[in-house]
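Read the structure below first, then the notes.
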Amino acid sequence: MDTILLVNDSATLTKVLSQHFQKAGYKVLAVTGVMDAYEAFIRSDVDLILTDYVLRDKDGLEVIKTFRSKKSQKALPIVVFTAMQDDDTAARCKAAGANTVLSKSGGTSELLSSIEKLIDEYKACQPTCSLDQDLSRCIVKATTDVFRTMMNLRLTAGEVAVEKAQIRRAEVIGSIGVAGFLSGSISLFLPKALARQAVAAMLMMDSADALADGDLVDAIGELTNMVGGNIKTELFQKAPLFDISVPSVYIGEDLQRRTVSDDLCFLAPFTVGEHRFQVEFLMVTKKEGGTGVQSSLVSGMQKS
């Protein structure tokens, strides 16, 4: 089902348009502002944006500019649906990157016809993925690439689980902070034997016997940084979602990592020979002032 992202702060018009689109076979994501529109795009597969020209916080030009500023979204069709019928308004919208500008006085028939054509053209050249799929794919790809290129170790990836945060136990934990549209952390949970094997391979040592704990901490920190950086790079092909901080590393016999109950985790299991380890992308769900991306994912899990 094709998805229309509807940006409009009129509850009445949003309801009317949503009903028309749903009757025509479209899924509708309705938001009221620019930032909500961008978050909805990140969260879901969106095939077209329909925005009003006049919004309470910012005008429709800001919606257009926000998406056109990203190279990966140059082809995303954007339609401006406005009561303003002057040529100057249409010219400004098209100059900003709108595909077409339609008058509300024309009704929904012309609007639906334009939407169908633009979505067909868009889907023919650029399919999209949801954030859930992107994160799962990027965690697996980033981790396997780092272990293969830096340590010549082949990983077998298991199925990525999306779940509420819980206690994680490991002998070695490498963690790096994440801040931006997504906030939280990326962590590696490793058995010490695998951590020493991986570090010895990364440092091109013949054996891990001479490896000091200090060297292990430094190398696992660098490994965590590389995995986190690779995930960031992969995701940035769609949108600039976050920056990463300096990694932290902990070594012990039975370490436990605890977090608050509302956090959401993407957990990817891996196997290397007889060893197993996990890579976790933890997203903090903010009660107030958050971006809403994490909250929408948690809400979706609760409904399913």
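Side notes on the structure shown:
- Taking the conditions (1) farther than 30 Å from Ala40 by Cα; (2) at pLDDT 90 or above in turn, Ser187 satisfies each one other than (1).
- Top-ranked residue in segment 186-199 [being touching a helix residue (DSSP H, G or I) at 6+ places or on another chain (Cβ under 9 Å) and not β-branched (Val, Ile, Thr); ranked as surrounded by the fewest Cβ atoms within 10 Å (Cβ to Cβ)]: Lys192
- The condition of being in contact with a strand residue (DSSP E or B) (Cβ under 8 Å, 6 or more places away or on another chain), modelled with pLDDT of 90 or more and exposed (fewer than 15 other Cβ atoms within 10 Å of the Cβ) holds for only one of Gly252, Gly228, Gly221, that being Gly252.
- Taking the numbered list (1) under 30 Å from Ser44 (Cβ atoms); (2) in contact with a Lys or Arg (Cβ under 9 Å, 6 or more places away or on another chain) in turn, Ala268 passes all entries but (2).
- All positions within segment 231-249 that are at pLDDT 90 or above and either part of a loop (DSSP other than H, G, I, E, B) or among the β-branched types (Val, Ile, Thr) (or both): Ile231, Ile244, Ser245, Val246, Pro247, Val249
- Long-range neighbours under 7 Å by Cβ, at least six apart or interchain, first residue of a type in the set (D, E, K, R) within segment 187-202, second crowded, with 22+ Cβ neighbours inside 10 Å: Lys192/Val172
- Looking across Ala24, Ala75, one residue alone is surrounded by fewer than 16 Cβ atoms within 10 Å (Cβ to Cβ), more than 24 Å from Phe181 (Cα to Cα) and aliphatic (A, V, I, L, M). It is Ala24.
- Among the residues listed as Thr100, Thr82, Thr89, Thr108, the single one being hydroxyl-bearing (Ser, Thr, Tyr), in contact with a His (Cβ under 6 Å, 6 or more places away or on another chain), over 13 Å from Leu5 (Cβ atoms) and buried (at least 16 other Cβ atoms within 10 Å of the Cβ): Thr108
- For the residues Leu48, Leu55, the requirement of being touching a residue at least 60 places away in the same chain (Cβ under 8 Å) and closer than 16 Å to Ala30 by Cα singles out Leu48.
- Condition met for Val34 (hydrophobic (A, V, I, L, M, F, W, C) and closer than 24 Å to Leu182 by Cα): yes
- Given (1) under 12 Å from Asn8 (Cβ atoms); (2) surrounded by 21 or more Cβ atoms within 10 Å (Cβ to Cβ), number of the condition Leu55 does not satisfy: (2)
- Breaking point among (1) outside the structural domain of Thr14 (by TED's automatic domain parsing); (2) among the β-branched types (Val, Ile, Thr); (3) surrounded by fewer than 16 Cβ atoms within 10 Å (Cβ to Cβ), for Thr143: (3)
- Checking each residue in segment 144-165 for being more than 30 Å from Met205 (Cβ to Cβ) and among the aliphatic types (A, V, I, L, M) picks out Val160, Ala161, Val162, Ala165.
- Thr66 being in contact with a His (Cβ under 7 Å, 6 or more places away or on another chain) and modelled with pLDDT under 85: no
The values are calculated or read from the model by the stated rules, or taken from the named source; none is laboratory data. All figures in this text were calculated on a predicted structure; none of them were measured in a lab. Here the Cβ is made from the backbone with ideal geometry for all residues, glycine too, and neighbour counts use every protein chain on show.
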